[in-house]
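Peer 1: Below is a structure I'd like to ask you about.
The values are calculated or read from the model by the stated rules, or taken from the named source; none is laboratory data. Small disclaimer: the values here were computed from a predicted structure and weren't measured. Using ideal geometry, Cβ is built from the backbone for each residue, glycine included, and neighbour counts are taken over all protein chains shown.
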Amino acid sequence: MKDWIKWLPLIAALAAVPWLTNAYMVSLLLTCLMYVALAVSWVMFSGPSRYLSLATTAFFGIGAYCTAWGLGHLPWPLLLLGGALAAAGTAALVGLFVLKLRGSYFAVLTFGLSELALHVINQTERSISGTVGRVLLNPPEQDAIYLAVLALALAAIACCAWLWRGPLGHALRGIGADEDRAATLGVNPLRVKLAGFALAAAFAGAVGAAMAGRWTYIDPHTVFNPLIGFQTVLIVMVGGASRIQGAVIGAVIFSLLSEFLRMRFPYFYLVLLGLLLILSVLYLPNGLIALLPRKKAAAHG
Amino acid sequence: MTQTHILEVRHLHVDYNGYAVLKDVSLSVTRSSITVLVGLNGAGKSTLLKAVSGLKAWSSGDIVFAGTSIAGEKPAMLVSRGLLQVPEGRHLFPRMTVLENLELGGYLRSARQRREDLERMFHLFPVLRERTDQLGGTMSGGQQQMLAIARALMGSPKLLVLDEPSLGLAPLMVAEMFRMIAAIRDEGVSVLLVEQNVKQALAHADYAYVIDRGCITLEGPGSELAGSDEIHAAYFGTAAH
């Protein structure tokens with residue numbers, strides 16, 4: 001518990017950023033924090049269980065649409081909760097079917113889930129409201145979004161640490177090592193996976209609901225962008241899936257690097273980014289986190 | 001019957017794709033005893049254990065645990081009823097620490113029970129206390145076997161099923177292992193032990209069965225079977241005496 005007290009100054013500094021710096025810094029850090037929250041939410045389930053999920057896009061988009069539909073009717077913080085619940089509910093329902101699959105089949109179906117969600121919402125919007133996109137009137141201020149995403153990122157880290165330390169985390173790791181073996185110890189694999197998958201989805205949904213306020217115009221193709229899901233997985237691959245720090249470091253480096261490359265090499269930045277990713281996966285298969293000495297990191301929890 | 005027997009296998013028939021692997025197998029495990037099942041490779045031991053732990057369905061017969069049939073029950077359900085198995089090859093989680101392995105073993109228990117059981121395991125297997133943060137896969141074979149048994153005991157079993165616990169262990173370790181198993185029995189846990197190390201197993205068995213080509217061919221108290229001509233002929237190539 002006292003571990004995180006030494007992080008208080010950093011947390012306080014991050015919380016003070018909107019008052020201390022300019023809008024560009026806030027926007028840059030907001031992207032960082034969004035990917036920290038998404039990567040940690042992804043790793044809390046997929047890290048120990050080794051179920052490679054590409055559904056982050058789906059949960060993010062569902063959360064974003066909660067804000068798109070609810071803004072103006074309900075207070076914004078309530079919409080974050082709504083986004084979390086909607087995403088978790090979808091994860092639990094879909095998980096009943098897809099979590100019975102293993103390996104690449106699971107990954108492919110979770111990718112399909114994002115496409116399915118995109119088309120369902122597209123069709124609903126067209127047939128019910130007769131629109132394709134939505135203009136957000138009175139979106140929340142960027143500073144409010146920033147603080148909300150900061151809170152979500154911290155909550156995701158705390159939740160992940162708590163989860164991994166308890167029986168559910170042990171069970172997820174056991175499932176990742178060998179599902180049948182874990183079952184012989186009394187673990188109900190489907191139930192444990194559903195709980196983990198839904199919990200991870202809740203955070204991705206809340207982040208989507210928060211980030212939606214950043215765009216003044218929302219359409220299904222923007223918020224159900226498959227890149228969101230792919231980038232989340234890549235971040236964890238670059239950072240390392242064995243520890244929370246891996247996801248956090250990966251997210252920060254990835255966001256800053258892609259921002260830097262985009263400014264310097266606007267036409268080549270995706271090529272360069274891809275190249276760097278390939279190199280890091282080839283030469284650092286366990287992620288950047290493997291470069292940190294284990295003992296020192298263990299003291300951080 | 002159910003008062004004295006924790007487990008009863010009644011006229012069990014199991015087949016794989018129409019090929020009969022177990023033919024009319026009946027055996028029972030008395031409460032707080034060590035029951036040993038010996039047999040050569042391919043005799044049907046593993047199939048019987050799979051059926052007992054809910055991993056293989058049978059075509060006829062029944063398996064009764066603590067007075068109730070286990071037909072159609074999933075492994076997790078059986079664990080919560082107190083039937084735990086330590087599979088062959090130990091099946092630890094090698095990338096998880098000793099402590100995490102043990103905690104996962106007590107998955108179905110409350111946090112308080114888990115803490116108490118952990119203390120009991122450290123008392124029973126002192127070597128595990130010194131190595132709580134070591135990865136399971138980096139320990140010696142004997143230590144891993146102890147961890148596997150301790151992990152199963154964390155689930156507070158009524159019946160502990162051990163599949164070849166002496167496999168791949170040094171002779172001294174094997175003797176130690178059988179002493180542990182006797183200690184576990186003395187704590188009131190019933191043990192069903194499947195072994196190829198016939199000599200040691202029979203020496204520690206309260207009751208024993210011999211399985212051959214899917215049939216129980218011989219049964220009796222361990223000490224009696226240890227001296228029988230059939231056992232010697234089958235396993236040592238000579239008659240007793």
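Peer 1: Within segment A:247-277, track down each residue that is crowded, with 17+ Cβ neighbours inside 10 Å, free of Cβ contacts under 8 Å to residues at least 24 places away in the same chain and over 17 Å from residue A:24 (Cβ atoms).
Peer 2: A:269, A:273
Peer 1: Which ones in segment A:177-198 are modelled with pLDDT of 95 or more and not in a helix (DSSP H, G or I)?
Peer 2: Listed by number, the list is empty, since nothing qualifies.
Peer 1: Same structure, new question: All but one of (1) in a helix (DSSP H, G or I); (2) within 14 Å of chain B (Cβ to nearest Cβ); (3) at pLDDT below 90 hold for residue A:128, so report the exception by its number.
Peer 2: (2)
Peer 1: Of the residues A:144, A:151, only one is part of a helix (DSSP H, G or I) and in contact (Cβ under 8 Å) with a residue 60 or more places away in the chain; which? Please lay out each step first, then the result.
Peer 2: Details: A:151 fails: in contact (Cβ under 8 Å) with a residue 60 or more places away in the chain.
On inspection, the qualifying residue turns out to be A:144.
Peer 1: Restricting attention to segment A:5-24, report how many residues are surrounded by fewer than 16 Cβ atoms within 10 Å (Cβ to Cβ) and either within 21 Å of the chain's Cα centre (by Cα) or in contact (Cβ under 8 Å) with a residue 60 or more places away in the chain (or both).
Peer 2: Let us first name the residues in segment A:5-24 that are surrounded by fewer than 16 Cβ atoms within 10 Å (Cβ to Cβ), namely A:5-13, A:15-16, A:19-24.
Filter once more, so that each one left must be either within 21 Å of the chain's Cα centre (by Cα) or in contact (Cβ under 8 Å) with a residue 60 or more places away in the chain (or both): A:11, A:15, A:23.
Final tally of qualifying residues: 3.
Peer 1: Would you tally the residues in segment A:204-246 being assigned to a helix (DSSP H, G or I) and over 24 Å from residue A:143 (Cα atoms)? I'd like the intermediate steps shown before the answer.
Peer 2: In the first step, residues of segment A:204-246 are kept if they are assigned to a helix (DSSP H, G or I); the result is A:204-212, A:220-223, A:226-239, A:244-246.
Then keep just the ones that are over 24 Å from residue A:143 (Cα atoms); that gives A:220-221, A:226-227, A:229-231, A:233-239, A:244-246.
Within segment A:204-246, residues that are assigned to a helix (DSSP H, G or I) and over 24 Å from residue A:143 (Cα atoms) number 17.
Peer 1: Report whether or not residue A:68 is at pLDDT below 95 and either outside any helix (DSSP H, G or I) or not basic (Lys, Arg) (or both).
Peer 2: On the way: at pLDDT below 95: yes; either outside any helix (DSSP H, G or I) or not basic (Lys, Arg) (or both): yes.
So residue A:68 fits the description; yes.
Peer 1: Sticking with this structure for a sec: For residues that are of a type in the set (Ser, Thr, Tyr) and exposed (fewer than 15 other Cβ atoms within 10 Å of the Cβ), scanning just segment A:85-117, find the one that is modelled with the highest pLDDT.
Peer 2: A:105
Peer 1: For segment B:127-148, enumerate the residues that are of a type in the set (A, V, I, L, M, F, W, C), part of a helix (DSSP H, G or I) and away from chain A (no Cβ under 13 Å).
Peer 2: Answer for segment B:127-148, where residues must be of a type in the set (A, V, I, L, M, F, W, C), part of a helix (DSSP H, G or I) and away from chain A (no Cβ under 13 Å): B:127, B:128, B:146.
Peer 1: Next question, about the same structure. Please work out which residue is farthest from residue B:104 (Cα to Cα), limiting yourself to segment A:181-191 and to residues that are facing chain B (nearest Cβ under 9 Å) and of a type in the set (A, V, I, L, M).
Peer 2: It comes out as A:183.
Peer 1: Then there is this: Looking at B:117, B:133, can you tell me which residue is more than 26 Å from residue A:189 (Cβ to Cβ) and not small (Gly, Ala, Ser)?
Peer 2: B:133
Peer 1: Please determine, by comparing only the residues of segment B:7-52 that are of a type in the set (Gly, Ala, Ser) and farther than 22 Å from residue B:178 by Cα, which one is modelled with the highest pLDDT. Give the steps one after another, and end with the answer.
Peer 2: Step one: filter segment B:7-52 for residues of a type in the set (Gly, Ala, Ser), giving B:18, B:20, B:26, B:28, B:32-33, B:39, B:42-44, B:46, B:51.
The next check asks that each one be farther than 22 Å from residue B:178 by Cα; those that pass are B:18, B:20, B:26, B:42-44, B:51.
Working: B:18: 83, B:20: 89, B:26: 94, B:42: 81, B:43: 85, B:44: 88, B:51: 91.
Applying the filter and picking the extreme gives B:26.
Peer 1: Please find, within segment B:101-126, the residue that is farthest from the other protein chains (Cβ to nearest Cβ) out of those that are out of contact with any Leu (no Cβ under 9 Å at 6 or more places or on another chain) and in a helix (DSSP H, G or I).
Peer 2: Kept after step one, since they are out of contact with any Leu (no Cβ under 9 Å at 6 or more places or on another chain), are these residues of segment B:101-126: B:109-113, B:115-116, B:119, B:123, B:126.
When the remaining residues are screened for being in a helix (DSSP H, G or I), the result is B:111-113, B:115-116, B:119, B:123, B:126.
On the way: B:111: 8, B:112: 13, B:113: 12, B:115: 12, B:116: 15, B:119: 18, B:123: 21, B:126: 23 Å.
Residue satisfying both the conditions and the ranking: B:126.
Peer 1: I need a count of the residues in segment B:149-178 that are in a helix (DSSP H, G or I) and under 27 Å from residue B:55 (Cα atoms). Lay out the reasoning, then the answer.
Peer 2: Pass one, segment B:149-178, residues in a helix (DSSP H, G or I): B:149-153, B:171-178.
Still in the list and also under 27 Å from residue B:55 (Cα atoms): B:149-153, B:177-178.
Of the residues in that region, 7 qualify.
Peer 1: What about residue B:201, is it at negative phi, out of contact with any strand residue (DSSP E or B) (no Cβ under 7 Å at 6 or more places or on another chain) and of a type in the set (A, V, I, L, M)?
Peer 2: On the way: at negative phi: yes; out of contact with any strand residue (DSSP E or B) (no Cβ under 7 Å at 6 or more places or on another chain): no; of a type in the set (A, V, I, L, M): yes.
No: the conditions fail for residue B:201.
Peer 1: For segment B:150-165, enumerate the residues that are crowded, with 23+ Cβ neighbours inside 10 Å and more than 13 Å from chain A (Cβ to nearest Cβ).
Peer 2: B:165
Peer 1: What residue, of A:195, A:206, is free of Cβ contacts under 8 Å to residues at least 60 places away in the same chain, away from chain B (no Cβ under 11 Å) and out of contact with any Cys (no Cβ under 6 Å at 6 or more places or on another chain)? Quick ask: steps written out before the conclusion?
Peer 2: Details: A:206 fails: free of Cβ contacts under 8 Å to residues at least 60 places away in the same chain.
Exactly one of A:195, A:206 is free of Cβ contacts under 8 Å to residues at least 60 places away in the same chain, away from chain B (no Cβ under 11 Å) and out of contact with any Cys (no Cβ under 6 Å at 6 or more places or on another chain), namely A:195.
Peer 1: For segment B:55-91, give me each residue that is facing chain A (nearest Cβ under 9 Å), assigned to a loop (DSSP other than H, G, I, E, B) and farther than 15 Å from residue B:13 by Cα.
Peer 2: Hits for segment B:55-91 are B:74, B:87, B:91.
Peer 1: Out of all the residues in segment B:33-46, which are over 10 Å from residue B:195 (Cα atoms) and over 13 Å from the mean Cα position of the chain (by Cα)? I'd like the intermediate steps shown before the answer.
Peer 2: Start the filter on segment B:33-46 by keeping residues that are over 10 Å from residue B:195 (Cα atoms), which leaves B:33-35, B:41-44, B:46.
Within segment B:33-46, B:41, B:42, B:43, B:44 qualify.
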